Amino acid sequence: MATISFARGVPAPECYAVDELADCARAAIERDGTAILSYGTGLGYTPLRERLAAGHGVDPSRILVTNGSLQGFVFLAQRLAPGRRVLVEQPTYDRPLKILAELGAEVVPLATDDEGLDPDALEQALQTGEQPAFLYVIPTFQNPSGRTLGEERRRRIVQLAAEHDLLVLEDDPYGLIRFEGEPLPSLFDLSGGSIIYSSSFSKTISPGLRVGWMVLPDGLAKELALAASSTYISPALLGEAVVEEFLRRGRFDDNVARVSGLLKARRDAMVTALARELPGVRTSRPEGGYFLWAELGEGADAGAVLRHAEEAGVTFVPGTDFGGGPDSLRLAYSFVSLDEIADGVVRLAAALPVTA
Ligand SMILES: Cc1ncc(COP(=O)(O)O)c(C=O)c1O
């Protein structure tokens, strides 16, 4: 029996526009091969940076394109975090937690609920202790919870950041994968472009191309570009040029709509299966993105459930990996098929009574 993975936060195979991307790679090299096949600047492929800058309404000097957005996080964290406080949501994306710990940062988890980060918790953290290096927040379809920060809260957080001179990093790789509801203003836009915005083409085109970007204040953009140059001279330009060609052809919006449709069907299948098989378990109902968060209830241990679940042929990531409570778990619906979702939730339900 093959294991069904609710652990993998990657797109399902049919999300990739394989033929068109192959064509884009050929066209990109034919058009601009001598630039793409050489070294470039640490900042990334200029035509793509210019396009992103226009989209954000900023000067291209503020755009840093990296080998995936996590690489940009590493550059920023290496520059700012060592020995300092960094505020994060609880729970939050596990990789930044590990990176910050390795860099010797003091990670300060802030309370969240169904509407995302609690601004009161942020205010309290800002009133005590040393000035934090930055706040790391994933406001839309958060990894791991799938939750979205409400608009009032967005405004209040931006205001608090301005009042306390707090640097904010808004990480937004999922925001465009929306199934329903109205898009909310980004913290970046609400701040008049003064905070740091980070996003990626990993969830909208392909993670294997490794193309992410940051919009930075001028000084930091220069510093991080130097860090990028000393790390890899210039990022992998072919992936960036393939993305640029895809955008240039006007294929991006259609692709996002197509990918969102594929993922919405998976979200629906998982919500339906969970309601049927695990009616007592509290789960989030994400309006977009890749993940759903479940809480098994007081006294339950998701780590122990995982061991039984793996024996039953299904896997997930326990919430404690993200700084969440012992009863919590992250279920990724992005990678699996509709049938696998239905079967996997049945297997999960079978694993539960043993420990619950
Ligand atoms: C919140 C968040 N930020 C960043 C990343 C990393 O994306 P990239 O592939 O651009 O490095 C991920 C990937 O899962 C993510 O969930």
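Just to be sure I understand, how many residues within the range 85-121 are acidic (Asp, Glu) and within 14 Å of the ligand (Cβ to nearest atom)? So that I can check it myself, show each step before the final result.
Start the filter on the range 85-121 by keeping residues that are acidic (Asp, Glu), which leaves 89, 94, 102, 106, 113-115, 118, 120.
When the remaining residues are screened for being within 14 Å of the ligand (Cβ to nearest atom), the result is 89, 94.
Residues flagged as acidic (Asp, Glu) and within 14 Å of the ligand (Cβ to nearest atom) within the range 85-121 amount to 2.
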Open item on the list: Six or more apart or on different chains, Cβ atoms under 9 Å: show the pairs whose first residue is in the range 296-311 and basic (Lys, Arg) and whose second is in a helix (DSSP H, G or I).
Closed with: Arg307/Ala351
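A quick yes/no check of all residues on (1) surrounded by fewer than 17 Cβ atoms within 10 Å (Cβ to Cβ); (2) touching a helix residue (DSSP H, G or I) at 6+ places or on another chain (Cβ under 7 Å); (3) in a loop (DSSP other than H, G, I, E, B):
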residue	(1), (2), (3)
Leu100	no, yes, no
Leu110	no, yes, no
Glu123	yes, yes, no
Glu130	yes, no, yes
Arg147	no, no, yes
Leu160	no, yes, no
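Select from the range 74-98 the residues that are open to solvent by 30 Å² or more (accessible area, probe 1.4 Å) and basic (Lys, Arg) and write down the one among them that is nearest to Ala227 (Cα to Cα). Lay out the reasoning, then the answer.
Of the range 74-98, the ones open to solvent by 30 Å² or more (accessible area, probe 1.4 Å) are 74, 78-79, 82-84, 90, 93, 95, 97-98.
After this cut, where a residue has to be basic (Lys, Arg) as well, the list is 79, 84, 95, 98.
Numbers: Arg79: 9, Arg84: 19, Arg95: 20, Lys98: 20 Å.
The residue in question is Arg79.
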TODO: Identify all residues within the range 203-238 that are open to solvent by 10 Å² or more (accessible area, probe 1.4 Å) and within 13 Å of the ligand (Cβ to nearest atom); write none if there are none.
DONE: Lys203, Ser206, Pro207, Gly208, Leu209, Arg210, Trp213, Ala236
Open item on the list: Which numbered condition in (1) surrounded by fewer than 21 Cβ atoms within 10 Å (Cβ to Cβ); (2) in contact with a Cys (Cβ under 9 Å, 6 or more places away or on another chain); (3) of a type in the set (A, V, I, L, M, F, W, C) is the only one that Ala350 fails?
Closed with: (2)
- [ ] Within the range 179-200, identify whether any single residue is within 12 Å of the ligand (Cβ to nearest atom) and assigned to a loop (DSSP other than H, G, I, E, B), and answer yes or no.
- [x] no
- [ ] Mind listing just one residue for me: the one in the range 1-20 that is within 16 Å of the ligand (Cβ to nearest atom) and hydrophobic (A, V, I, L, M, F, W, C) and, of those, surrounded by the most Cβ atoms within 10 Å (Cβ to Cβ)?
- [x] Phe6
Task: From Ala294, Ala300, residue being of a type outside the set (Val, Ile, Thr) and modelled with pLDDT under 95 - done: Ala300
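The values are calculated or read from the model by the stated rules, or taken from the named source; none is laboratory data. What you see is a predicted model; the values in this text were computed from it and never measured. As a convention, Cβ positions derive from the backbone with ideal geometry for all residues, glycine included, and neighbour counts pool all protein chains shown. Surface areas here come from the heavy atoms of the whole protein model, side chains and all, with no ligands, DNA or RNA. Shrake-Rupley method; radii C 1.70, N 1.55, O 1.52, S 1.80 Å.
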